[in-house]
Amino acid sequence: MSQDTFSVRLPLVDNISQIFDKVPPINLFRAAANAKTLYPAFIQFMYLLFKPMKLDARVARLVVLYVAKLSDCMYIWRQNLVWREALGITQEQIDAIDRGETQAACFSDEQKIALKFAEEALRLIEVSDEVYTEAERFFGPQGITELLYVVGTYMLLARIARTGRVPLDERPAGSTTIK
């Protein structure tokens, strides 16, 4: 993944903290705020993705990183690397995702199936019966649905970042910025 030099397409909205004060003013959220009709509800939804869910937070963040990799989105990749230490994601796991080796021994069986599920959801839209059945063993209906929300949300954000040519922030937001 590379952040090529390009001209920004979407303007970056200032003062997004007035719209929702718990979100860091990162460029991606500032670009998303152009949709004034949708942004307030969307950012409240994003906030919920950082609250406890049935889906384990480490699994969710590994999936986010994989969606970033599959979407060739440096912005999302860089912003979400800050979570690795807080969630116990290893450098070996980061390197494996970066190489596309999502079935490597450094991942638990739960993590492997979540990554395979995410890849099929992104690439094929409909996950195969085999992968769905295996995911169901680990996550059940609620966890699978949360997994689909995570995949879909970060696919959307990758498209905003890439299509809008959103520039990288000077520094990624820290893992403690969403309250």
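Coordinate-derived values only; no laboratory data. Quick caveat, the model's predicted, so the values are computed rather than measured. Positions of Cβ are backbone-derived with ideal geometry, glycine not excepted, and every protein chain shown enters the neighbour counts.
Before moving on, here are some points about what is shown:
- In the elastic network of the chain, a GNM with C-alpha springs shorter than 10 Å, the most mobile of Ala33, Ala105, Ala161 is Ala105.
- Restricting attention to the chain, lysine pairs at least eight places apart or on different chains and with alpha-carbon atoms under 16 angstrom apart total 5.
- Extending 7 Å from Cα along the Cβ direction at Leu124 and again at Val82 yields two label points whose distance is 3.6 nm.
- GNM flexibility winner over the chain from Ala32, Ala41, Ala118 (Cα, springs under 10 Å): Ala41
- The simple spin-label model puts a point 7 Å past each Cα toward its Cβ; for Arg9 and Asn34 those points are separated by 0.8 nm.
- Between the Cα long axis of helix 39-48 and the first principal axis of the chain there is an angle of about 40°, rounded to the nearest 10.
- Since only Ala32, Phe45, Leu87 are under comparison, the one whose Cα sits farthest along the positive direction of the charge dipole of the chain, derived from C-beta charges on Lys, Arg, Asp and Glu, is Ala32.
- Taking the C-alpha atoms only, the angle from helix 129-163 to the longest principal axis of the chain is near 20 degrees.
- Fluctuation leader among Arg165, Arg123, Arg58 - the chain, Gaussian network, Cα springs under 10 angstrom: Arg123
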